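In what follows, a structure is listed as structure tokens, so that the remarks can point back to it.
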Amino acid sequence: MTEGEDNGGEARRKGWLGRLFRRGDETETQQTPRPTPEPEPEIEPEPPPTIEPPEPDIQPEEIPEIVPEEPPEYAPETPPEIEPPQIPEAVAKPLDNRGWFARLRSGLSRSSNRLTQGIADLFTKRRLDDEALEELEELLITADLGVATAGRVVKRLARSRFNQEVSPDEIKAALADEIAEVLEPVAQPLDIDPARKPHVVLVVGVNGSGKTTTIGKLAKQFRDQGLSVSLAAGDTFRAAAVEQLKVWGERTNCPVIARDQGADAAGLAFDALRDAQRRGDDVLLIDTAGRLQNKEGLMAELQKILRVLRKQDAEAPHSVVLVLDATVGQNAHSQVEAFKEMTEVSGLVVTKLDGTARGGVLVALADRFHLPVHAIGIGEGVEDLRPFEAAAFARSLVGQRQ
């Protein structure tokens, strides 16, 4: 091989290598821009700081400052305006003789509805046979007339109407007559003896029966009759009872003898009788505690009151009135028994007859205990406590119209 060929071959080799390296350099320079994907700094978006704008939304804490300050200005003004008109209105209402039966019937509607519906279901085109009489007896028992009373009424009906076809109205009329016959002997008003100065009325009953309210209503009615009346707040264990009686005293213009809570009730009764004698009052109404759950303590307190009163007047109290809440139903029997053990109960006042379907219990009480029923209550107003009338009550109880 010649030197020229040698040189030419080497030049070609160098040229080929130069091109090879140059191409390698070019490819390197072409490939190097790829690894620079600089969108990554842009991916690091710093939007978290943009969450800070909610701060202005959370800041409206200034709103509560404006609202609370307005109510206190108006709240204190309402009590003085509302209280005075309401109660005197109830006290001042005159007795409405014409509307009494309608109010009585309305007041006893819950008791009568159950009874009249049962009678209507039983006696639609039906004879008064043994089965019908048995069902009627069950109905009367569930209406709280009691087993003995229901049995007696059914026997009387059987004697006069047995095996006759009777309508619901005929049954109601016959039932009203029988109930009135049971009630007539006990329908006796609370008479005040004018020879006694004062006629002392001891009012007893469990807490919540309506004792204090009954005393207030009786005081108003006696005052309307022209009698002078004084009140003794003898339920010294309940501050509310003392305050309530003071309010009634103001409304009825009756003096009220009261002591601090927990004071000796017997000592208070003694002072009240002495003051009433000195003034020459016609009536002294004495409120008492009603904690029947502590029967022994209550019995001791009532007996002490009786002993103390009799030191000044050997025959006092001249009336002992037991106030019963009709809503207790048959539990009224146990209350009568308990208070008869403690005191010489001379008569009953039955309240809240408008709030119960158990008005028939009065019939059972009359039949069992034979105690005079002086008055009944069918509402909150003074005019809703009225002397007990047997026939009107019997007709209302069975849903008869006048």
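The values are calculated or read from the model by the stated rules, or taken from the named source; none is laboratory data. All values derive from a computational prediction rather than experimental measurement. Cβ atoms come from the backbone with ideal geometry, glycine included; neighbour counts cover every protein chain shown. We work out accessible area using only protein heavy atoms, side chains counted, and drop any ligands, DNA or RNA first. Shrake-Rupley method; radii C 1.70, N 1.55, O 1.52, S 1.80 Å.
Below are the figures for this structure:
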item	result
Listing of helices (runs of 4 or more DSSP H) fully contained in segment 99-173 that carry 1 or more residues being of a type in the set (Asp, Glu) and open to solvent by 20 Å² or more (accessible area, probe 1.4 Å)	109-122, 130-142
Count - residues of segment 246-295 that are more than 29 Å from GLY381 (Cα to Cα), open to solvent by 10 Å² or more (accessible area, probe 1.4 Å) and either hydroxyl-bearing (Ser, Thr, Tyr) or in a helix (DSSP H, G or I) (or both)	11
Some residue of segment 286-305 being closer than 18 Å to HIS199 by Cα and touching a Lys or Arg at 6+ places or on another chain (Cβ under 8 Å)	yes
Test: residue in segment 213-230 that is closer than 30 Å to GLY249 by Cβ, over 33 Å from the mean Cα position of the chain (by Cα) and free of Cβ contacts under 8 Å to residues at least 24 places away in the same chain	yes
Residues (more than 14 Å from VAL363 (Cα to Cα), within 35 Å of the chain's Cα centre (by Cα) and not polar (S, T, N, Q)) located in segment 112-153	ARG114, GLY118, ILE119, ALA120, ASP121, LEU122, GLU135, LEU136, GLU137, GLU138, LEU139
VAL373 being open to solvent by 10 Å² or more (accessible area, probe 1.4 Å) and in contact with a Phe, Trp or Tyr (Cβ under 9 Å, 6 or more places away or on another chain)	no
For THR236: the one exception among (1) surrounded by 18 or more Cβ atoms within 10 Å (Cβ to Cβ); (2) β-branched (Val, Ile, Thr); (3) over 20 Å from ARG274 (Cα atoms)	(3)
So ASP193, is it at pLDDT 95 or above and under 25 Å from LEU273 (Cβ atoms)	yes
